[in-house]
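In what follows, a single structure is set out as structure tokens and then discussed.
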Amino acid sequence: MIEHSRYVLPNGLTLLVSEDPNTSLVAMNLLYKVGARDEDPHRTGFAHLFEHLMFGGSRHIPDFDTPLQMAGGENNAFTNNDFTDYYITLPRENLETAFWLESDRMLEPAFSEEGLRVQKQVVIEEFKQRYLNQPYGDVWLLLRPLAYKVHPYRWPTIGMKVEHIEQATLEEVKDFFYHHYAPNNAILSLSGNIRPGEALQLTEKWFGDIPRRELASPEHPQEPLRRGKETLHVERDVPASMLYMAWLMDARYTPGFYAADLITDLLANGNSSRLYLRLVKERRLFSQVDAYVTGSLDPGLLVISATLLDGISMETAEEAILEELEELRKGQLNERELEKVKNRVASSWAFTHASILNKAMDLAYFELLDHAGAINREMERYRQVTTADIREKARELFTEGRLSILYYHARNER
């Protein structure tokens, strides 16, 4: 049980506090409800660009990192398709430094043509190095638009194309900030050696005067199912061919998500998982195989990826995976196998939340999903999944109308 207190300031900022007196540290997590799905299709990559811009100084603080380092703190951030997350861990006695820094950049980053130029160049180089000039780097640039035709999940967090960042103007960037970065679009969570009353007092002091802002309301249209599977063949200079199979699945906070997530663990979590035992170890079709869910707020993807051994055709690889999925569709699963997977999930959950930073992150995340208290029901949702639920979910999910396949060929192997 993760105990917490919850407050909402008059300006709309939600505050969550989980006190832990057994540590000398405090973790602060600030989640903004803006991700790649909230971008203009003609100006993608802005949420990720802001992850960089927000570290470039703010209205009253020219340098974000130096004062935090002097206070003994560490910080970082990440962006995904649904939200942007900034986090800090520092000694309790220096906690107010974090409030000072985060509130000032929520008020306004240090917007300038030069600052934008520098951060645009950083993002463009990241785009080229990680997505265009790295083996398998462009997978999600290819797989997302294959799986999504109308929903903004059709582009990755980095953006759809380099040109969208290259052409971004200062006015466009400011407009994006003021319509998404606001107290009424944020969740502030604290975990560690901090009392709820003290946290509320500091939050009111540093964030209370930041005004509410008019928020953008981008459309997130429902992705329709198709009549048949979507496929794409590409050829690249990579060490080995890979197969990526993605099925449209349930949204994150729906009952069906938990069965789908457990299916991926049954298939490919560990050396005793089905795909590893049968396709890697026994049949020697793949050097490695993986299965996972994207966990998106809107309907996401269940993905199976496999690295083919030399001499194995894409047809053989695809057929072998589909055969294993058919076993789940037929209900070939016993209670002991499912229980083992559930125990692994529960163990990982407990280990993860021994960290005050992970507590702070997940409290904010579950507040985004529904409300922070849902964090204490998460394991029960997994425990309630039955073998019959797995069978029914496999029958529902593993159909051609949900399937997109990326055949990623090593050059000269076709």
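Quick grid of which residues meet (1) within 21 Å of the chain's Cα centre (by Cα); (2) closer than 19 Å to LEU357 by Cα:
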position: ASN76; (1), (2): yes, yes
position: THR79; (1), (2): yes, yes
position: ASN94; (1), (2): no, yes
position: THR97; (1), (2): no, yes
position: GLU108; (1), (2): no, no
position: GLU125; (1), (2): no, no
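Restricting to segment 254-300, count the residues that are assigned to a loop (DSSP other than H, G, I, E, B) and basic (Lys, Arg).
Qualifying residue count, segment 254-300: 2.
Can you name the condition, by its number, that ARG59 falls short on among (1) at pLDDT below 95; (2) closer than 21 Å to GLU108 by Cα; (3) within 24 Å of the chain's Cα centre (by Cα)?
(3)
Conditions tested, residue by residue: (1) out of contact with any His (no Cβ under 7 Å at 6 or more places or on another chain); (2) surrounded by 13 or more Cβ atoms within 10 Å (Cβ to Cβ); (3) not in a strand (DSSP E or B).
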residue: LEU302; (1), (2), (3): yes, yes, no
residue: LEU338; (1), (2), (3): yes, yes, yes
residue: ARG344; (1), (2), (3): yes, yes, yes
residue: ALA350; (1), (2), (3): yes, no, yes
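Checking ALA317 against (1) part of a loop (DSSP other than H, G, I, E, B); (2) within 16 Å of HIS409 (Cβ to Cβ), only one condition comes out false. Which one?
Only one criterion is unmet by ALA317, namely (1).
Output the residue which, of all residues in segment 167-205 that are of a type in the set (Ser, Thr, Tyr) and assigned to a helix (DSSP H, G or I), is surrounded by the most Cβ atoms within 10 Å (Cβ to Cβ). Break it down stepwise before answering.
From segment 167-205, those of a type in the set (Ser, Thr, Tyr) are 169, 178, 181, 189, 191, 203; that's our starting set.
Keeping just the survivors that are assigned to a helix (DSSP H, G or I) gives 178, 203.
Details: TYR178: 14, THR203: 21.
Ranking the candidates gives THR203 first.
Taking interchain pairs and intrachain pairs at least six residues apart, which have beta carbon atoms under 6 angstrom, with the first residue in segment 107-135 and farther than 28 Å from ASN184 by Cα and the second outside any helix (DSSP H, G or I)?
If the second residue must be outside any helix (DSSP H, G or I), the pairs left are PHE127/ILE158; ARG130/GLY137; TYR131/GLY137; TYR131/ASP138; TYR131/ILE158; PRO135/VAL238.
Identify the residue in segment 397-413 that is closer than 15 Å to ARG227 by Cα and among the small types (Gly, Ala, Ser) and, among all such residues, is surrounded by the fewest Cβ atoms within 10 Å (Cβ to Cβ).
Residue satisfying both the conditions and the ranking: GLY401.
Can you tell which of PRO218, PRO239, PRO224, PRO211 is within 30 Å of SER287 (Cα to Cα) and part of a loop (DSSP other than H, G, I, E, B)?
Only one candidate qualifies: PRO239.
Criterion first (crowded, with 17+ Cβ neighbours inside 10 Å, out of contact with any Cys (no Cβ under 6 Å at 6 or more places or on another chain) and under 30 Å from ILE312 (Cβ atoms)) does LEU215 satisfy it?
On the way: crowded, with 17+ Cβ neighbours inside 10 Å: yes; out of contact with any Cys (no Cβ under 6 Å at 6 or more places or on another chain): yes; under 30 Å from ILE312 (Cβ atoms): no.
No; evaluated as a whole, the condition is false for this residue.
The values are calculated or read from the model by the stated rules, or taken from the named source; none is laboratory data. Please read all numbers here as calculations on a predicted model, not as lab measurements. Positions of Cβ are backbone-derived with ideal geometry, glycine not excepted, and every protein chain shown enters the neighbour counts.
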